[in-house]
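A short worksheet on the structure shown next.
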Amino acid sequence: MKRIIFPILLSGACFFTACSKMLDVKSHSAVATNTLSAADVEAFLVGIYNRVQNAPGAESYIAFDITGGNLINAGATSDGGLNTFISNVLRPENGLMSAAWNGYYSALYQVNNLLEVTATLPESPRNTEIAGIGHFFRGYLYYNLVTRWGGVPILEKNTKEKVKRNTEAEVWAFIEKELQLAIDGAPAYATGQYYQVSSIAAKAMMARVKLAQDKKAEAATLAEEVINSNYFQLDAFEKIFRAQQNNEEIFSFKNLTIESSIRVSTLFYTYAHDVKGSYVYRPVQEVMDMFSAEDKRTAMSVDTYEGLRVINKYPSGQSGTDPIVVIRLAEMYLISAEGRGLAGLDRLNELRRERGLTDISPVDESAYLDAVLLERRKEFLGEGHRWYDLVRTGRAISTLGLLEREVKYPIPMNERALNNLLEQNYDY
C-alpha cells in the first residue's frame with residue numbers, strides 16, 4: 001500500500017473527538033464528494049485502508065489481551081495484582097478507552113465518506129467492489145465497537161447532531177447487514193493477496209460475528225465454507241508472524257513502516273533488546289506455562305530476554321512495524337470446532353496436529369469447550385481475542401475475578417461530557 005496524500009482524507013484528522021462533533025471540520029480541509037473521479041476514489045480507498053488501520057492506535061489491537069488476563073503492566077513485581085490492573089484499565093477516564101472509541105469512529109467517518117462517494121458514481125463492477133470494501137470496513141469497525149461497549153450509535157451517514165446509543169441487538173444486526181453487502185460486493189480473493197479486503201474475508205468475519213452472538217450452527221457453516229474454499233491452508237507460524245508469504249492469512253493490514261504508527265512490538269520488548277522497545281506489557285506466568293516445547297507456536301509467541309517475559313509475535317520493536325493479522329484460517333478451524341460442539345473435535349485436533357500437538361478426547365461438552373478456549377488462547381495470544389472469548393462464553397467473572405460491570409468497557413468520560421445523550425454502561 002503506497003502512501004498517497006489526498007485532500008478529502010484530511011477531514012479525518014479533524015474528526016470525532018466526539019459523536020456530537022462529526023462534521024466539525026474546516027472548509028479548507030474538505031472536498032465536495034460529487035466532484036470526485038473514479039481515479040480519485042481509488043486514491044481515497046488507499047487512504048481508507050490507512051485510516052482504519054491506524055486510527056484506533058496500537059493498543060486497540062491487543063486490548064482484549066490487556067483486559068483478558070494475558071498481559072500485565074511490565075513494571076508489576078508479580079502477577080498478583082492482575083485484577084487491580086484490569087480494573088484500572090477499565091475506567092471511563094482511562095486513555096485506552098477514549099483512544100479506541102475515537103479511533104474507531106474517526107475511521108468510520110472516512111468509511112462513510114467513501115460509501116457516500118461510491119453511491120454517486122455510475123454503476124460498474126469496480127464501483128461495486130469498492131462499495132463492498134467499504135461495507136466490510138464498516139462491519140469490522142462496528143464489531144470492534146460492539147464487543148467493547150455493547151450498544152453504540154449506528155451511523156450510516158455522518159452527522160453533527162448528538163446521537164443516542166442503539167441497542168446491542170441493533171448493532172449486531174447492522175454488522176450482519178454490512179458484512180452481507182461485503183460478501184456480495186467485495187472483490188474475489190486473489191491467491192496471496194491477503195492485504196486486500198475480499199468477499200471471502202467478509203465471509204470469515206461473518207463467521208466470527210455469528211459465533212459472537214452464539215449462532216453456533218451458522219458460524220460453523222460459514223467457517224467450513226471458508227476452510228473448503230481451497231484458497232487457504234494452515235501454515236507455519238514463523239511465516240505468519242515474520243511477514244513471510246503464507247497460505248493462512250485471510251485478511252491483514254500490511255502496516256508499512258513508512259505510513260504507520262502502529263508499532264505493537266514496542267509495547268513488548270525492552271530497550272535492552274536488539275530491536276529496543278518501551279516494555280509496557282508482559283505476559284503473565286500462566287501464559288508462559290501454557291506453551292510446551294513440542295508446540296510449534298511457542299517460539300513465535302513468547303520468549304524470555306534477560307529474565308524478562310516478552311510476547312514474540314511482533315519482532316520489529318522501534319525499528320519498524322509488523323503486519324497486523326485481522327483474520328486467518330486457524331480461527332475458522334476453531335469457530336467450526338466450537339460451533340459444532342464435540343462433533344467438531346476433528347477440526348480442533350487437525351489444528352493441534354498442525355501445531356505439533358497430539359489429539360485430545362474431552363469427556364463431555366463442558367470439557368470440550370474448555371479445550372477449545374485454551375486452544376484459542378494459545379493460538380491468538382497477542383492478537384486481541386481473550387477478554388471477549390471469556391465474556392461471550394460467560395466465563396469472564398469466574399475466570400478473571402472481574403466485577404460484574406467489567407464485562408463491558410465503560411463509555412469514555414470525555415465522550416459523555418461532549419454528548420449527554422450517551423448513557424454509561426451499568427455500574428460505571
Can you name the condition, by its number, that residue 390 falls short on among (1) open to solvent by 20 Å² or more (accessible area, probe 1.4 Å); (2) assigned to a helix (DSSP H, G or I); (3) in contact with a helix residue (DSSP H, G or I) (Cβ under 6 Å, 6 or more places away or on another chain)?
(1)
Tell me the residue from 165, 91 that is basic (Lys, Arg) and either at positive phi or in contact with a Leu (Cβ under 8 Å, 6 or more places away or on another chain) (or both), please.
165
Tabulated pairs, the stretch 295-319, first within 13 Å of residue 239 (Cα to Cα) and in contact (Cβ under 8 Å) with a residue 24 or more places away in the chain, second buried (at least 22 other Cβ atoms within 10 Å of the Cβ) and basic (Lys, Arg), C-beta under 7 angstrom, 6+ apart or interchain:
300/313; 301/313
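Considering only the stretch 65-88, how many residues are open to solvent by 10 Å² or more (accessible area, probe 1.4 Å), in a helix (DSSP H, G or I) and in contact (Cβ under 8 Å) with a residue 12 or more places away in the chain?
Taking the stretch 65-88 as the starting set, the residues that turn out to be open to solvent by 10 Å² or more (accessible area, probe 1.4 Å) are 73-85, 87-88.
Then keep just the ones that are in a helix (DSSP H, G or I); that gives 82-85, 87-88.
Filter once more, keeping what is in contact (Cβ under 8 Å) with a residue 12 or more places away in the chain: 82-83, 85, 87.
Residues that pass the stated criteria total 4.
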State yes or no: is residue 91 assigned to a helix (DSSP H, G or I), open to solvent by 30 Å² or more (accessible area, probe 1.4 Å) and at pLDDT 95 or above?
no
Can you go through 119, 173, 169, 202 and tell me which one is without any contact (Cβ under 8 Å) to a residue 24 or more places away in the chain, closer than 23 Å to residue 224 by Cα and either part of a helix (DSSP H, G or I) or out of contact with any strand residue (DSSP E or B) (no Cβ under 8 Å at 6 or more places or on another chain) (or both)?
173
Does residue 123 count as surrounded by fewer than 18 Cβ atoms within 10 Å (Cβ to Cβ) and at pLDDT below 95?
yes
Residue 381 vs. criteria outside any helix (DSSP H, G or I) and at pLDDT 95 or above
yes
For the stretch 258-293, which positions are touching a residue at least 24 places away in the same chain (Cβ under 8 Å), open to solvent by 70 Å² or more (accessible area, probe 1.4 Å), over 17 Å from residue 381 (Cβ atoms) and out of contact with any helix residue (DSSP H, G or I) (no Cβ under 8 Å at 6 or more places or on another chain)?
258
Any chance the stretch 15-24 includes a residue that's surrounded by 15 or more Cβ atoms within 10 Å (Cβ to Cβ), assigned to a helix (DSSP H, G or I) and either at pLDDT 95 or above or among the acidic types (Asp, Glu) (or both)?
no
Is it true that some residue in the stretch 349-372 is touching a helix residue (DSSP H, G or I) at 6+ places or on another chain (Cβ under 7 Å), over 17 Å from residue 216 (Cβ atoms) and open to solvent by less than 10 Å² (accessible area, probe 1.4 Å)?
yes
Being assigned to a helix (DSSP H, G or I) and hydrophobic (A, V, I, L, M, F, W, C) is the filter; apply it to the stretch 393-407 and report the residue that is surrounded by the most Cβ atoms within 10 Å (Cβ to Cβ).
396
Could we say that residue 220 is closer than 24 Å to residue 55 by Cα, small (Gly, Ala, Ser) and at pLDDT 95 or above here?
no
I'd like to check something: does the stretch 158-165 contain any residue that is under 17 Å from residue 409 (Cβ atoms), within 22 Å of the chain's Cα centre (by Cα) and surrounded by fewer than 19 Cβ atoms within 10 Å (Cβ to Cβ)?
no
Please go through the stretch 40-59 and pick out each residue that is part of a helix (DSSP H, G or I) and either open to solvent by less than 30 Å² (accessible area, probe 1.4 Å) or of a type in the set (Ser, Thr, Tyr) (or both).
41, 43, 44, 45, 47, 48, 49, 52, 53, 54, 58
Is it true that some residue in the stretch 411-426 is of a type in the set (Ser, Thr, Tyr), touching an Asp or Glu at 6+ places or on another chain (Cβ under 9 Å) and either within 22 Å of residue 334 (Cβ to Cβ) or not in a loop (DSSP other than H, G, I, E, B) (or both)?
no
Could you please let me know if residue 113 is open to solvent by 50 Å² or more (accessible area, probe 1.4 Å), touching a residue at least 12 places away in the same chain (Cβ under 8 Å) and outside any loop (DSSP other than H, G, I, E, B)?
no
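The values are calculated or read from the model by the stated rules, or taken from the named source; none is laboratory data. Bear in mind that the values here come from a model prediction, so they are computed numbers and not experimental data. Neighbour counts run over all protein chains shown; Cβ positions are idealised from the backbone, glycine included. Areas reflect the complete protein model, heavy atoms only, side chains present, ligands, DNA and RNA absent. Shrake-Rupley method; radii C 1.70, N 1.55, O 1.52, S 1.80 Å.
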